[in-house]
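Notes follow the structure.
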Amino acid sequence: MSTDASGLQRVLRSPELYYLAAAGQAADAAACVKPIDYIRRCLDDVGFPAEGRWIFPIIKGASAVGLASARLSPGLARLTAVMLTLYFSLAVGSHLRARDLRLNFAAATSLLAFYSALAVTGPPTPANASPGTR
């Protein structure tokens with residue numbers, strides 16, 4: 001593996017990157033409680049029904065907790081990255097279906113790539129952890 005690739009993998013596996021992603025998800029969850037205009041317009045643009053929007057703060061809040069567990073429970077943090085990969089796959093699909101190929105599509109696609117990379121690499125597992133706790 002080249003030095004650049006190993007450096008990138010070291011960054012992607014860093015618990016601090018997971019904490020930063022958790023902070024972003026927590027902020028997004030807060031912005032979805034009573035959706036700010038930008039989020040409301042985005043959901044309107046893709047045709048997401050207003051009566052189902054209550055789920056977003058829950059999903060995003062739970063994902064923030066899962067990502068923040070990177071040191072204590074790397075398996076949970078990785079599972080959260082896998083689920084966020086699924087979430088953003090659905091978001092990209094929603095933007096494609098609605099032919100909404102503007103900034104929000106680019107953001108969803110970028111987050112899909114980011115969480116896919118986290119899901120593939122996962123945070124480090126403590127070397128002294130027993131197999132049942134990894």
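Here, each number is a calculation from the coordinates, and none is a lab measurement. Being a predicted model, the structure only gives us computed values, none of them experimental.
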At the level of C-alpha centres, the distance separating region 58-134 and region 1-45, in angstrom, is 8
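Grab the DSSP H runs of the chain that are 4 residues or longer, score each as -39,500 (n - 2.57), total them, divide by all residues and round the 222 nm result to the nearest 500 deg cm²/dmol. Mind showing how you got there, number by number?
Values: 6 runs with 95 residues, N = 134.
The helix contribution divided over the chain gives -23500 deg cm²/dmol.
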